[in-house]
Amino acid sequence: MNYILFDESIVRTNLLPLTYMRPVADIRVGILTIREKWETYLKVKTSSLTEGYLSRKYPFVKEDQNILINGSVCPDAAMVKAIKTLRHDQTLAFNDTIIALHVTAEDLDALGESASEGIEEIVLKNAPLKINHTWDIFTKNDLAIREDFKLVTKGRKSLPLSNSNKIIGTGDIFLEKGAKVEGANLNATNGPIYIGENAEIMEGAMLRGPIAICEGVQIKMGAKIYGPSTFGPHCRIGGEVNNSVFFGYGNKAHDGFVGHSVISEWCNLGADTNTSNLKNTYDEIRLWSYGKKTFVNTHLQFCGLIMGDHSMSGINTMFNTGTVVGVNANIFGTGFPRNFIPSFTWGSTAGHSNYKLDKAMEVAEAVYKRRNRAFDDIEQNLMKSVFNMTLKNRRI
């Protein structure tokens, strides 16, 4: 069977700017991305049905028989079992949400046409873990870490922890091969701690689970990490972090506080960058919506920073409560910048200008090179596409 993860249009828009550079299924929540969760359960590779400009990096594969799966839904064993038994023209749903649909190649060619007649709906019994808004990524990260921990460690044995570490409680801690942990404080009483392959936890770091530390992550000396937090592959993390998700290849190597936030790939937070995650009035926090083109109520008391790919902050940058930063923004200077910073913006509270595409690409190439990655023509064209489609935001 061929499995295709599709973007639900309204959810994709709600998840901007995090989905400018990726399909919805490639958002990381818990230990794994949503795609990695499905591929682990299904034991096959998946493809994506997403925006056309993403198709070179995330190609669409069509076969005679296909299962379309909602890319914003995280799988569990019961859901996967139900999906594998779907017959042609059967759909798995929960309330008004389509979870999965069995279709032929001809059905895929006719997508967009009105063809709901004759489709049998199978109703999922339990509500799925689903990502509908940017803030869901950190508010649902606790459950996602716990579910992923069970999935990736089932039937496996952790590497032993060195006696130089202080272990508090009897909670679950799992080390993959090549992980280095010395002189750290690890407390898994309130949730598991997962430490990925070749990750390093330096001396004096303090971790309180649930926490996911993925492959190649480096936690700096004296870092204070409160769960539920996730650090995707090859992040560099220091200072204080609380209930936040870093997708991967991010730098927050110095002191400063990040709380109740989502940081996309290839972001760099300068020394002593701080995020406010609670209003002095304790009011519910409003966040910029790309779909509604205004600020919407999250109904959360805690919400910090949502930052798109390749964005950066200078030293001592202060982000106000509920700030959204687009792709490839470069923010610096004293004072609080505004709560919505469009993509490809360069500047401070004194004023902003457009970040020129050629300069942004030059910086991205240098950043990729530092991590032994190639900023190839696929990545270049993807960045050009996002630059062009976000022009209208820079006029706000």
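What to note about this one:
- Put a dot 7 Å past the Cα of residue 132, heading toward its Cβ, do the same for residue 336, and the two dots end up 2.8 nm apart.
- Size of region 286-358: Rg and Dmax of its alpha carbons, in Å, are 12.1, 40.
- Computed magnitude of the charge dipole of region 2-130 (debye, nearest 20; Cβ of K, R +1, Cβ of D, E -1): 800
- Against the rule of thumb 2.2 N^0.38 Å, how large the Cα Rg of the chain comes out: 0.99
- Extension gain (nm, one decimal) between residue 359 and residue 316, 0.36 nm per residue minus Cα-Cα: 13.2 nm
- Cα centre as origin, Lys/Arg/Asp/Glu Cβ charges: the chain dipole, Debye: 980
- Dipole magnitude (debye, nearest 20) for region 282-396, charges at Cβ of Lys, Arg, Asp, Glu: 240
- Take the Cβ atoms of residue 272 and residue 143, set R0 to 30 Å, and the FRET efficiency comes out at 0.40.
- Listed peptides 347-356, 97-106 by packing density, highest first (mean Cβ within 10 Å): 97-106, 347-356
- Pairs of Cα atoms nearer than 8 Å and 6+ residues apart set the relative contact order; for region 2-130 it is 26 percent.
- When only Cα pairs below 8 angstrom with a gap of at least 6 residues are kept, the chain shows a relative contact order of 10 percent.
- Note, ³J(HN,Hα) from phi for region 212-224, Karplus 6.51, -1.76, 1.60, rounded to Hz, x at Gly and Pro: 10, 10, 8, 4, x, 6, 10, 9, 6, 4, x, 5, 10
- Pairs over the 28 Å Cα-Cα cut-off, from the set 154/369; 37/125; 279/369; 150/293; 81/157; 220/292: 154/369; 279/369; 150/293; 220/292.
- Placing dummy labels 7 Å off each Cα toward the beta-carbon, the span from residue 110 to residue 163 is 7.1 nm.
- Close amide H pairs (under 5 Å, H built 1.01 Å from N) link residue 321 with 276, residues at least 5 positions away or on another chain.
- Length added when fully stretched, residue 189-residue 389, from 0.36 nm per residue minus Cα-Cα: 67.4 nm
- Region 216-271 versus region 327-353: alpha-carbon centroid distance in Å: 21
- Normalised convex hull volume, region 214-269, alpha-carbon set, Å³ per residue: 57
- For residue 98, no residue has an amide H sitting under 5 Å from its own, ignoring neighbours fewer than 5 places away on the same chain, with H placed 1.01 Å from N.
- Hz values of 3J(HN,Hα) by residue in region 80-95 - Karplus curve (6.51, -1.76, 1.60), Gly and Pro given as x: 4, 4, 5, 5, 5, 9, 5, 9, 4, 6, 10, 10, 9, 9, 9, 6
- Relative to the current alpha-carbon distance between residue 85 and residue 43, full extension at 0.36 nm per residue lengthens the span by 13.5 nm.
- The residues 346, 266, when put in order of fewest to most other Cβ atoms within 10 Å, stand as 346, 266.
- Cα convex hull of region 2-130 - mean projected area over all directions, nm²: 7.7
- Most positive-pole-ward Cα, 216, 336, 167, against dipole of region 136-395 from beta carbon charges: 336
No lab work stands behind these numbers, since they all come straight from the coordinates. Computed from a predicted structure; not experimentally measured. FYI the Cβ positions are ideal-geometry reconstructions off the backbone, even for glycines, and counts take in every protein chain you see.
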